[in-house]
1. Looking at (1) surrounded by fewer than 17 Cβ atoms within 10 Å (Cβ to Cβ); (2) in contact with a strand residue (DSSP E or B) (Cβ under 9 Å, 6 or more places away or on another chain); (3) closer than 24 Å to residue 38 by Cα; (4) in contact (Cβ under 8 Å) with a residue 60 or more places away in the chain, which is the only condition residue 96 fails?
2. Say whether the condition of being loosely packed, with under 15 Cβ neighbours inside 10 Å, closer than 23 Å to residue 24 by Cβ and within 20 Å of the chain's Cα centre (by Cα) is met by at least one residue in segment 261-278.
3. Before we move on, is residue 171 at positive phi and buried (at least 16 other Cβ atoms within 10 Å of the Cβ)?
4. If you take the residues of segment 100-116 that are within 21 Å of the chain's Cα centre (by Cα) and surrounded by fewer than 17 Cβ atoms within 10 Å (Cβ to Cβ), which of them is farthest from residue 188 (Cα to Cα)?
5. Can you name the residue in segment 3-26 that is in contact (Cβ under 8 Å) with a residue 60 or more places away in the chain and surrounded by fewer than 21 Cβ atoms within 10 Å (Cβ to Cβ) and, of all such residues, is farthest from residue 212 (Cα to Cα)?
6. From the list 60, 38, 45, exactly one residue is buried (at least 17 other Cβ atoms within 10 Å of the Cβ), under 24 Å from residue 210 (Cβ atoms) and touching a helix residue (DSSP H, G or I) at 6+ places or on another chain (Cβ under 9 Å). Which is it?
7. Exactly one condition in (1) surrounded by fewer than 21 Cβ atoms within 10 Å (Cβ to Cβ); (2) out of contact with any strand residue (DSSP E or B) (no Cβ under 6 Å at 6 or more places or on another chain) is not met by residue 52; state its number.
């Protein structure tokens, strides 16, 4: 059952250039993605593709200069600002990249306890600290007293202990050792198995494949493919989009073939398919308009030539 659905999402940011001219840069384009209860979806893509902006849009925490069109629905209802304010931190929880999301004036133990909904708050906080190897004294500290790795473990623990319906983890593993990463993987899997929907945003394809049920591939502000994890094998013959295949073959354990060119900037997107200038299969039709989504072999793809 679908619990969160993003439809036709487009996001632009207004800014002033030289001469005080206002410009609008569109960073998300006609994006569609959904989360089902009991499912983990990993959103992968290079830096600057719009992955974190999607997370902030879902949470309703875009900056004031952002303009958003399209819709985001939770449990079948299109979300309004008022509904988001009630759901955020309770039914929809974010594991952010930055420690700036922690309250600088509140002790760590108290912050984690505010995330607990269904258990004894103190007991739950102490158990989650033990699971993520956070010393009991950490509960008395303030955010500025934490190392980067400790802060990351606190952020993950807050989301896990919340048992929210939707958990969005934005690059949750940098700064964590392998043992804690495995614990995070286990915790996210257990949350999904208990009915939560989990979105993990990452540039680490290996981590995504260990954890997720489906992979949503971002490129230049849109999703170009959504594929089940089982399709990532061999030389990528079961994958659908040329960019997804190129990402897979660029991994060290595969062919280690670099992708020629670079991802276009938000203010300099080509017409049509954003990957066309780097794609060896591109034709003149690819530059006419953004390809429509189509379902092929159990996955979604935006490519005119995918079969």
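1. Single failed check for residue 96: (1).
2. Yes, there is a match, as at least one residue in segment 261-278 is loosely packed, with under 15 Cβ neighbours inside 10 Å, closer than 23 Å to residue 24 by Cβ and within 20 Å of the chain's Cα centre (by Cα).
3. yes
4. Of everything passing the filter in segment 100-116, 100 is farthest from residue 188 (Cα to Cα).
5. 23
6. Values: 60 fails: under 24 Å from residue 210 (Cβ atoms); 38 fails: buried (at least 17 other Cβ atoms within 10 Å of the Cβ).
Checking each option against the conditions leaves just 45.
7. (2)
Results for (1) within 17 Å of residue 96 (Cβ to Cβ); (2) touching a helix residue (DSSP H, G or I) at 6+ places or on another chain (Cβ under 8 Å), shown as yes or no for each residue.
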residue: 146; (1), (2): yes, yes
residue: 150; (1), (2): yes, yes
residue: 156; (1), (2): yes, yes
residue: 174; (1), (2): yes, yes
residue: 179; (1), (2): no, no
residue: 186; (1), (2): no, no
residue: 189; (1), (2): no, yes
residue: 195; (1), (2): no, no
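The values are calculated or read from the model by the stated rules, or taken from the named source; none is laboratory data. On a predicted model such as this, the values are computed, not experimentally measured, just so you know. Reconstructed Cβ throughout: ideal geometry from the backbone, glycine too, with neighbour counts over all protein chains shown.
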